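Working notes, beginning with the structure itself.
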Amino acid sequence: MFNPVWLKTFSTVAASSSFTEAGRRLGLTQSSVSDHIRRLEDSTGRRLFVRDTHSLALTADGESLLIHARLILEAHARAEAQFNAPRLRGRVRFGTSDDLAMGPLPDMLALFRNKHPEVELEITIGLTGELYQHLDNGELDLIVGKRRPGEQRGQAMFRTPLVWLARPETTVDLNQPLPLILLPEPSVTRAAILTTLGASGHHWRIVCTSGSHAGCMAAARGGLGLTILPQHLATRELTLPLNHASLPVFPDVEYVALTAKRLSRPADTLFQILMESELHALPGK
């Protein structure tokens, strides 16, 4: 019923209010334009235009069809673009911190994989400081992680608070050194945490160090102490201490995407997907 060729002709006639002008725009004869409109009217069983020797106007049915025609033609163009585009091939060496890997990042990678199944993804998960080093050494094409203090490189993605997290119903004994569960060096969050605590006058002791956010979370759930992590990692099993308002407030951390100086088409495609993704809508953006 809705032949895309007829719909394109119909939309062009509606926009130009002239069969002759529509033919000129489409590279068709006036008789071909008339034939397309006649076929579309026969197919729909509706009159689409009111015509006389001086004017051309859409009928009410024509106005309704024009809305559908635009949607159909847009969908048709998207489908053509996807299936006519050359298939991406190659490899992307991608690095990320595990706090993002435990959040929305897998959905973004799945989207890329579904669109470009012939591209090999090589994923490195590590501390942000390590990822910067791998990128600078030419070992990664693209990373997403926290912006280091004083660092100007990278495309900003979102900001989020660092918050105190502990087992539910935890009350911190403020008369004792704060029992901390932290990431090791080099860690952007560790440096921000210790700098803030040093300026606050609070005493602390490091009771556990883990090389991953997942390890810090597990230690905190086990009751070993307090950890300070990006807000989007809070869960039912890991919440703010009951007296968190009495504890120091930490600065936000900023997440950025950084790329190698030269990107392959597959790497640049993944970068564009990440920059258009819901990572921009995380809390604190």
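Candidates in the range 11-42 are the residues that are in contact with a helix residue (DSSP H, G or I) (Cβ under 8 Å, 6 or more places away or on another chain) and not in a helix (DSSP H, G or I); of these, the one that is farthest from Ile67 (Cα to Cα) is Thr29. Do we have any residue at all in the range 253-261 that's aliphatic (A, V, I, L, M), in a loop (DSSP other than H, G, I, E, B) and within 19 Å of Leu127 (Cα to Cα)? Checked against the condition, which is being aliphatic (A, V, I, L, M), in a loop (DSSP other than H, G, I, E, B) and within 19 Å of Leu127 (Cα to Cα), the range 253-261 yields at least one hit.
Name the residue that is surrounded by the most Cβ atoms within 10 Å (Cβ to Cβ), counting only residues in the range 5-41 that are under 21 Å from His76 (Cβ atoms) and charged (D, E, K, R). Looking at residues that are under 21 Å from His76 (Cβ atoms) and charged (D, E, K, R), I get Glu41. The requirement of being in a loop (DSSP other than H, G, I, E, B), touching a Phe, Trp or Tyr at 6+ places or on another chain (Cβ under 8 Å) and not charged (D, E, K, R) is fulfilled nowhere in the range 82-96; no residue meets it. The number of residues in the range 175-198 being in contact (Cβ under 8 Å) with a residue 40 or more places away in the chain and of a type outside the set (Val, Ile, Thr) comes to 12.
Is there a residue in the range 121-131 that is in contact (Cβ under 8 Å) with a residue 40 or more places away in the chain, out of contact with any Ser or Thr (no Cβ under 6 Å at 6 or more places or on another chain) and among the acidic types (Asp, Glu)? Yes: one or more hits. Residue by residue through the range 83-108, note down the ones that are over 16 Å from His232 (Cα atoms) and without any contact (Cβ under 8 Å) to a residue 24 or more places away in the chain. Within the range 83-108, Phe83, Asn84, Ala85, Pro86 qualify. Scanning the range 43-65 for residues that are open to solvent by 40 Å² or more (accessible area, probe 1.4 Å), in a strand (DSSP E or B) and not aliphatic (A, V, I, L, M) yields a count of 1.
Can you find even one residue in the range 196-208 that is in a helix (DSSP H, G or I) and open to solvent by less than 40 Å² (accessible area, probe 1.4 Å)? There is at least one residue in the range 196-208 that is in a helix (DSSP H, G or I) and open to solvent by less than 40 Å² (accessible area, probe 1.4 Å).
The rows are residues; the columns are (1) open to solvent by 50 Å² or more (accessible area, probe 1.4 Å); (2) in contact with an Asp or Glu (Cβ under 8 Å, 6 or more places away or on another chain); (3) farther than 26 Å from Pro149 by Cβ; (4) in a strand (DSSP E or B).
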{"position": "Gln176", "(1), (2), (3), (4)": "yes, no, yes, no"}
{"position": "Leu180", "(1), (2), (3), (4)": "no, no, no, yes"}
{"position": "Ala214", "(1), (2), (3), (4)": "no, yes, no, no"}
{"position": "Ala220", "(1), (2), (3), (4)": "no, no, no, no"}
{"position": "Leu242", "(1), (2), (3), (4)": "yes, yes, yes, no"}
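Considering the range 182-191, the residues that are buried (at least 19 other Cβ atoms within 10 Å of the Cβ) and of a type outside the set (D, E, K, R) include one that is farthest from Thr209 (Cα to Cα), namely Val188. Answer yes or no: is there a residue in the range 134-145 that is of a type outside the set (Lys, Arg), surrounded by 14 or more Cβ atoms within 10 Å (Cβ to Cβ), closer than 24 Å to Leu194 by Cα and at pLDDT 85 or above. So far as the range 134-145 goes, yes, one or more of its residues are of a type outside the set (Lys, Arg), surrounded by 14 or more Cβ atoms within 10 Å (Cβ to Cβ), closer than 24 Å to Leu194 by Cα and at pLDDT 85 or above. Within the range 80-108, being charged (D, E, K, R) and open to solvent by 30 Å² or more (accessible area, probe 1.4 Å) holds for Glu80, Arg87, Arg89, Arg91, Arg93, Asp107.
The values are calculated or read from the model by the stated rules, or taken from the named source; none is laboratory data. Given the structure is predicted, the values throughout are model-derived calculations rather than measurements. Neighbour counts run over all protein chains shown; Cβ positions are idealised from the backbone, glycine included. Heavy atoms of the whole protein, side chains included, go into the accessibility calculation; ligands, DNA and RNA do not. Shrake-Rupley method; radii C 1.70, N 1.55, O 1.52, S 1.80 Å.
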